[in-house]
Amino acid sequence: MSRYVFDGAVARGLIAVFLDRTGGATIGSCARGDVMRPFRLILAVTAAGLAGAVLGVLLGPSTGPVERLISLCLAGATALTPTTVASAWSLAPATLLPVLLLPALFLSAVVARWREGTAPPAWRIVLFGTGWLLLVVAVVSPLCRLAAHLAWAHMVQHVILVALAPPLLLLGARSVWAGPEDARAREAGVASWLGRPAGAGLAYGAAIWFWHVPGFYEAALRDGGLHLVMLGTLLGVSLTFWHSLLVAARSGAGAALAAAPVLLATLMHTGMLGALLTFSPGLWFPLMAQGALAFGLSPLADQQLAGLIMWVPMGLVYMAAALGLVARGLAATGDADEACGPASAGTGPLR
């Protein structure tokens, strides 16, 4: 009985973290709360991942079909061929539990908002659901195991984790954590440099480059702990980065226009990394060579395709987001000019 009481308390605590409701207490500043709730969500999901990792260790390594199904997507964990890839799903507890926790927390928050009479619009629920499905594709579907064997599949997974799923999740989830306060006041509520586009962009870029250093990435493909650290840091800094941009977009013309160069810088340095992968005469990840050959690709062609995926499709995401920020900033500037127009009409020099 005590175990079930404990499990119920943990579940209620995680939901309270997401809803920012801890015994009725609230964060003093609405602006600060809008910034901190995503970080609390990251902590809750991280806790679920750690619990899943412990469960995976307790289950122990084995070569049986069930054990292979619940293993992480590591190099050599499963023998993957074109005929077996469709059934190569990954139900590793360390990744499955956080993925399942996300919609549970979101739906709990939606129900709470609905009871208060402030249910989020359907389109935000669709955005969150799309982002969540992309996460499932990245870390649960056969793409996850394919990413440990083929460089191009790894890059597709990477684009989902850092450029597609995070902004969709944040755009959808904002409807259940954002307060009714004026969005223009939120920029001043970001206490940490990591919550601002420039600081978050530096952390985001550092994580992307770090985990594409050949030695570090191959180590993450061999070791389960490092693999989880890689996934966690990439998703965590990506949520932080995109959240800082969304806050900037809602904080007036100046903040939106100032954030656009951060996206352009991200476009340039990730494009440079993609170009290096594309045009490199040597292999960056020899560990994946056998996987490429098994799927009828030369290892170098596999690497070149991976570089192109980072260079072009991922770059288009950053370009679209930068243009969106510029458009938002210019629209806010135009609104401000219109608001000032009538008031300034009679302030000219007396004749």
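A short reminder: the numbers here are calculations on the coordinates, not readings from a lab. These numbers were taken from a predicted model, which means no experiment stands behind them. Every residue, glycine among them, receives a Cβ derived from its backbone with ideal geometry; neighbour counts consider all protein chains shown.
Here are the numbers for the structure shown:
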{"read-out": "Extension gain (nm, one decimal) between residue 122 and residue 206, 0.36 nm per residue minus Cα-Cα", "value": "26.7 nm"}
{"read-out": "By average C-beta atoms within 10 angstrom, highest first, the peptides 197-208, 82-93, 239-250, 216-227", "value": "239-250, 197-208, 216-227, 82-93"}
{"read-out": "Ordering of 315-328, 273-286 by burial proxy (mean other Cβ atoms within 10 Å per residue, highest first)", "value": "315-328, 273-286"}
{"read-out": "Packing-based order for 263-272, 299-308, using average beta carbon neighbours within 10 Å, highest first", "value": "299-308, 263-272"}
{"read-out": "Gain on full stretching of the segment that runs from residue 216 to residue 295 - 0.36 nm per residue minus C-alpha separation", "value": "26.0 nm"}
